[in-house]
Structures are given as structure tokens and as C-alpha cells.
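Asker: First the structure, then my questions, so here it is.
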Amino acid sequence: MKHKWSKIILFCVIIGLFITFVPFSNMDSANSDAPKEVFIKADITEQLIFDNRDIIIKAVSLDMNAPTGPALKFYGENSTELDRLVTLKYCSVNDIMVEPEFEMSLNAKGTAQAEAIFPKRLLVTAGIETFSSISFSLHIAEPSESGSYVESDQFNMITSMTGSYEQKHGFTGSRIADANGVKIMIGRKPDPEAALGKQIYIYIDNSLSEDIVIETKRVCIDGIELQPLFISTVCAGKECWAPLTFQDSEIIENGIVDINELTISFKALNIFGVIIDTDDCRIIFDNENSDS
């Protein structure tokens, strides 16, 4: 009888220990699977961005580690009888041009909230660890009348990291052009998981006092001429990491498995005309020092 009770007591002890340790085991697993923060935290205070009595736009909050990328939340009021569509233009973070996903639909006599989502992958590529400054202008249009719109002045927003974080600038890669106040360089191999297709980042540094537009003239991958998606406006005194995107359909149609050799030429323009017109430049991605 004593032997039987000893077995029962031992069994109860084992069950008790199992129940005790399971929650901790689950907790450790949950902690190991928890998403890690990519960016240094930064905050903003609520700021009035635009007010012409008809339309009011405020920046409300900044979440540096939102799931899809840093999110800047806006609030808008529309006191007119017409709908309005609000978008951002010429946006930069720490003096680096970054185009967020943003669109705010303001119904007549209505209010709305919307978030500007900054692409995480591009920020990491550009070496942006946090937001110390954000600059942009608002484009406020009547959706039904494409010719009627209001564009705000450039707004320069500071964050809680202003003054305590210094953005690292510069880029290493294959140089295409460095003249007349404009520098163009090409980075390394693209990320195969890019959403729109294979991408190569083009670094552009505009030290001029005027905005510039960069266009590709000729683009070849492994000797095959393609038509990638690319056009970039770089504001005065700003830098930009602009993606050169090859569409999957074009890549598949031409039987391209990987991007090993790139031949490319560019044209840079400002309000006075063409300021740079490059010759073809050949880059071998397996050797980052190869360019000609």
C-alpha cells in the first residue's frame, strides 16, 4: 500500500512541475519570436502643418517601428462643400529624399486620419536609423477637377531626436558621374524579394541650389536592353537612393536569371536644361570595383 501511495505522490509532483514550467517555456518561445525593433525611437509633438481656413492638416504622431515601416500619422479637417485629396510631395528624412505611401481622402465637411508609411527597406539601404528631421510639402486637390489644387510651402518638422542624432551621409559603389554639383553612383546587387521586381539602388547627391530630375537613357542587363521603371526628382541640397526597378514580366520574357552585368547611362536636368549627359557605363556586380 505504501509503495502504491509513493507512486501516486511522485506522479502528482511530476504533473505539478510540468504545469509550472510550460508557461515559462511558452513565454521564452514568444519572446524569441517577438519582432525586433529596427529603428531608434523618435517622437513628435502634434504640429499644425496647413491652415487656410478651409482645410486644416496636422501631424499627430510618429511610430518608428510600425509593422510595415515608420508611420507618420496626420489628421485633416475639410470645411468646404467639395471633397479633397491630400498627398505628400518632395519628402525627405534627415535630408535624404524618401517617398512614403500616403493618401488622405477628405470628404466635404468632414474629417479624416491617415498615415504616411515610409518604406523600411529603402530606409535601411540609405542608412537611416531614426528620424531627426522630416521635410515635405502638401498637395491638396479636388479629385473631380485635376486642374484645381493647392500646394503648401515646404514644411520642416523636428522630432525628439533632433540635435541628438547625426545622419551618416555618403555612399560606396560604382561612380557614374560627378560633375556640375551632381553625383550619381550605383549600388550592389538587388534584393530578389523586392515587391515590384528586381531593383538596383541609384545614389544621387544634388549639391545645387535648384531641384534636378534624373532620367535613364539606356539600360542593358547582360547585353539585353530593357525599359526599367526609373525617374527621380532630387530637391536642392538633398540626397536620394532611387530604385531602378526591372519588372518581373520583362525579366522572365528575356530569360534573365540574375543581374550580373549592367550597362547604363543617365541624363540630369534642372530648370536651365541638361546639366549632365553621361556615356554608357558598364558595371560587373560580381566585382564591385569594376566600372568603366
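The values are calculated or read from the model by the stated rules, or taken from the named source; none is laboratory data. Because the structure is predicted, anything quoted here is derived from the model rather than measured. Cβ atoms come from the backbone with ideal geometry, glycine included; neighbour counts cover every protein chain shown.
Asker: Which number in (1) more than 30 Å from residue 231 (Cβ to Cβ); (2) modelled with pLDDT of 95 or more marks the one condition that residue 71 misses?
Answerer: Here residue 71 meets the rest and fails (1).
Asker: Shifting gears a bit: Which of the residues spanning region 124-156 are under 19 Å from residue 41 (Cβ atoms), surrounded by fewer than 18 Cβ atoms within 10 Å (Cβ to Cβ) and among the aliphatic types (A, V, I, L, M)?
Answerer: Listed by number, the list holds a single entry, 124.
Asker: Name every residue in region 62-106 that is touching a Ser or Thr at 6+ places or on another chain (Cβ under 8 Å), of a type in the set (Phe, Trp, Tyr) and in a strand (DSSP E or B), in order of residue number.
Answerer: Answer for region 62-106, where residues must be touching a Ser or Thr at 6+ places or on another chain (Cβ under 8 Å), of a type in the set (Phe, Trp, Tyr) and in a strand (DSSP E or B): 75, 90.
Asker: Right, next: Return the residue satisfying two criteria in turn: it lies in region 107-139 and is in a strand (DSSP E or B) and among the aliphatic types (A, V, I, L, M), and of such residues it is nearest to residue 152 (Cα to Cα).
Answerer: 138
Asker: Also, I was wondering about something else. All but one of (1) modelled with pLDDT of 90 or more; (2) not in a strand (DSSP E or B) hold for residue 176; state the number of the condition that does not hold.
Answerer: Every listed condition holds for residue 176 apart from (2).
Asker: Follow-up. Would you list the strands (runs of 3 or more DSSP E) that sit entirely within region 238-292 and hold 2 or more residues that are of a type in the set (Val, Ile, Thr) and at pLDDT 90 or above? If you could, list the steps in order and put the result at the bottom.
Answerer: Numbers: elements: 239-247, 261-270, 273-277, 281-284.
By residue number, 261-270, 273-277.
Asker: Still on this structure, I have one more. Please go through region 267-286 and give me each residue that is in contact with a Phe, Trp or Tyr (Cβ under 9 Å, 6 or more places away or on another chain) and not hydroxyl-bearing (Ser, Thr, Tyr), ordered by number.
Answerer: Kept after step one, since they are in contact with a Phe, Trp or Tyr (Cβ under 9 Å, 6 or more places away or on another chain), are these residues of region 267-286: 276-278, 281.
Selection gives 276, 277, 281.
Asker: Hey, can you tell me all the residues within region 52-66 that are of a type outside the set (Gly, Ala, Ser) and touching a Lys or Arg at 6+ places or on another chain (Cβ under 9 Å)?
Answerer: Taking region 52-66 first, the residues of a type outside the set (Gly, Ala, Ser) are 52-58, 60, 62-65.
54, 55, 60, 62, 63, 64, 65 - these are the residues of region 52-66 that are of a type outside the set (Gly, Ala, Ser) and touching a Lys or Arg at 6+ places or on another chain (Cβ under 9 Å).
Asker: Are there any pairs with C-beta distances below 9 angstrom linking a residue in region 201-215 that is farther than 11 Å from residue 269 by Cα and outside the structural domain of residue 228 (by TED's automatic domain parsing) to a residue that is acidic (Asp, Glu) and in a loop (DSSP other than H, G, I, E, B), with the two at least 6 apart or on different chains, and if so which?
Answerer: none
Asker: Would you mention how many residues in region 39-49 are surrounded by fewer than 18 Cβ atoms within 10 Å (Cβ to Cβ) and part of a strand (DSSP E or B)?
Answerer: So in region 39-49, the residues surrounded by fewer than 18 Cβ atoms within 10 Å (Cβ to Cβ) come out as 40-41, 43, 45-48.
Those still in the list that are part of a strand (DSSP E or B) too: 47-48.
Count: 2.
Asker: Residues of region 179-197 being buried (at least 19 other Cβ atoms within 10 Å of the Cβ), at pLDDT 60 or above and in a loop (DSSP other than H, G, I, E, B), which ones?
Answerer: 187
Asker: Do we have residue 225 as closer than 25 Å to residue 137 by Cβ and either modelled with pLDDT of 95 or more or not basic (Lys, Arg) (or both) here? Please lay out each step first, then the result.
Answerer: On the way: closer than 25 Å to residue 137 by Cβ: no; either modelled with pLDDT of 95 or more or not basic (Lys, Arg) (or both): yes.
Against the criterion (closer than 25 Å to residue 137 by Cβ and either modelled with pLDDT of 95 or more or not basic (Lys, Arg) (or both)), residue 225 does not qualify.
Asker: Could you identify the single residue in 138, 82 that is in contact (Cβ under 8 Å) with a residue 60 or more places away in the chain, over 22 Å from the mean Cα position of the chain (by Cα) and not assigned by TED's automatic domain parsing to the domain that holds residue 199? I'd like the intermediate steps shown before the answer.
Answerer: Details: 138 fails: over 22 Å from the mean Cα position of the chain (by Cα).
Among 138, 82, only 82 is in contact (Cβ under 8 Å) with a residue 60 or more places away in the chain, over 22 Å from the mean Cα position of the chain (by Cα) and not assigned by TED's automatic domain parsing to the domain that holds residue 199.
Asker: Working only within region 50-61, note down all residues that are part of a strand (DSSP E or B), over 17 Å from residue 139 (Cβ atoms) and not aliphatic (A, V, I, L, M). Walk me through it before giving the result.
Answerer: Here is the first cut: in region 50-61, the residues part of a strand (DSSP E or B) are 50-51, 55-61.
Next, only the ones that are over 17 Å from residue 139 (Cβ atoms) stay: 60-61.
Within region 50-61, just 61 meets the criteria.
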